[in-house]
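The structure appears below as structure tokens.
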Amino acid sequence: MSVNAVRLPANGANREASTQSALSECVSRTVQRYLSDIGDADFGEGLHALVIREVEGPLLREVLAFHDGNQSRAAAALGINRATLRKKLTAHGLL
């Protein structure tokens, strides 16, 4: 079953942003703010790894809570198998 992303209303000022999902727009704003805050500082591990690490924990926590702690349903919603979910939960200190 496919779920459509919520679209932000067009504000006229930025047509490209209006076609992004609410989640995509939130990530864009947050990354822009982060980049502005750190300037030319070194990312160390790389920006991609940093964003994935920061986003994955809350994503897993919220999906698991939405499914009342049922790991099988949460894994199915995430599109990963239960063993992978458990490995990720352990890595993020959520088990």
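The values are calculated or read from the model by the stated rules, or taken from the named source; none is laboratory data. The shown structure was predicted, so the numbers you read here are calculated from the model rather than taken from an experiment. When we count neighbours, we look across all protein chains shown, and the Cβ atoms used for this are built from the backbone with ideal geometry, even at glycine.
General remarks:
- Flag for Gly39 being on the phi > 0 side of the Ramachandran plot and at pLDDT 50 or above: yes
- Qualifying residues in the range 20-62 (those that are of a type in the set (Asp, Glu) and within 12 Å of the chain's Cα centre (by Cα)) - the one farthest from Ala77 (Cα to Cα): Glu25
- Within the option set Ala65, Ala10, Ala17, Ala76, being aliphatic (A, V, I, L, M), surrounded by 11 or more Cβ atoms within 10 Å (Cβ to Cβ), at pLDDT 90 or above and more than 14 Å from the chain's Cα centre (by Cα) holds for one residue only, Ala76.
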